[in-house]
Amino acid sequence: RVRSYVFVVLATITSYYQFYLAVAVATRILPEFHMSFVYFVNISVIGYLLGAVASFLAGIADRYGRANIVTFGLIIVALLCLVGGPNAHSELAFGILLVAIGFVEGIILVATPALIRDFSPQLGRASAMGFWTLGPVLGSLVVSILVSNTSDSTPWQDQYTICGVVGLAIALLALIGWRELAPSLRDPLMDASHDR
C-alpha cells in the first residue's frame, strides 16, 4: 500500500511539473515567438478548459483501470514534452502543444486522487488524501527550482526535454511496479460494526 501511495504521489508531482512548466518558461517563450501575453493566457485557458472536459473522460478509468490511465497518460505527456516542446517553432505549434498537454493532464489529475482512495482503507482516506496533496505543492516547487537554477544556461526547449525524460522515467517506474486493484478490493463497504 505504501508503495502504491508513493507511485501516486510521484505521478502527481510529475504531472504538475509538466503542467506548470509552460508558465515557468513563459518569459522566454513569449519574446521568441513574438507572442502576446493575452494570446498565451487565452491558449492556457483553452488548455485548462479542455483539461476540465477531459476530466469527465476519467470515468473510463473504471473500465481500463485508473493506474493504467495514469501510467499511459504520463507516457503521452512525457512524449509531448520530449518531442513537441523542442520542435515547437511557432506560437500556433506551442499553443497546440499546451492544449494537448492540458487535455491529457485533465484525465491524469482526476485519476490520481481516485487512486489514493482505491489504495486506502475507508478509515484512513483522510490521511491518504493529505499525503496526495504533497503532489501539487511539490510539483510546483520542482518546476520552480529546476527552471530558476537553470534558466540562464538552459534554453526553454531543453527544459521541455528534461521534463519529458523525467516523465518517461516516472512512467517506466509506474509501468513496472504499479498494479491495478481488483474492483472487489477497491470498493469495500463497511456494513457492520465489526468491519469498523
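If you scan segment 72-107, which residues turn out to be farther than 17 Å from T14 by Cβ, open to solvent by less than 10 Å² (accessible area, probe 1.4 Å) and small (G, A, S)? The answer is A88, G95. If you check R3 against the conditions, is it in contact (Cβ under 8 Å) with a residue 60 or more places away in the chain and of a type in the set (D, E, K, R)? It is true that R3 is in contact (Cβ under 8 Å) with a residue 60 or more places away in the chain and of a type in the set (D, E, K, R).
The set of residues in segment 149-170 that are modelled with pLDDT of 85 or more, open to solvent by 40 Å² or more (accessible area, probe 1.4 Å) and over 16 Å from P86 (Cβ atoms) contains only A169.
Are any of the residues in segment 55-63 closer than 16 Å to V166 by Cβ and at pLDDT below 85? No: segment 55-63 contains no residue that is closer than 16 Å to V166 by Cβ and at pLDDT below 85.
In contact with a Pro (Cβ under 6 Å, 6 or more places away or on another chain) and modelled with pLDDT of 85 or more: does that describe Y20? So Y20 fails the test.
The values are calculated or read from the model by the stated rules, or taken from the named source; none is laboratory data. Keep in mind that this is a model prediction, so the values were computed, not measured. Heads up, the Cβs are rebuilt from the backbone with ideal geometry, glycines too, and the neighbour counts pull from every protein chain shown. Surface areas here come from the heavy atoms of the whole protein model, side chains and all, with no ligands, DNA or RNA. Shrake-Rupley method; radii C 1.70, N 1.55, O 1.52, S 1.80 Å.
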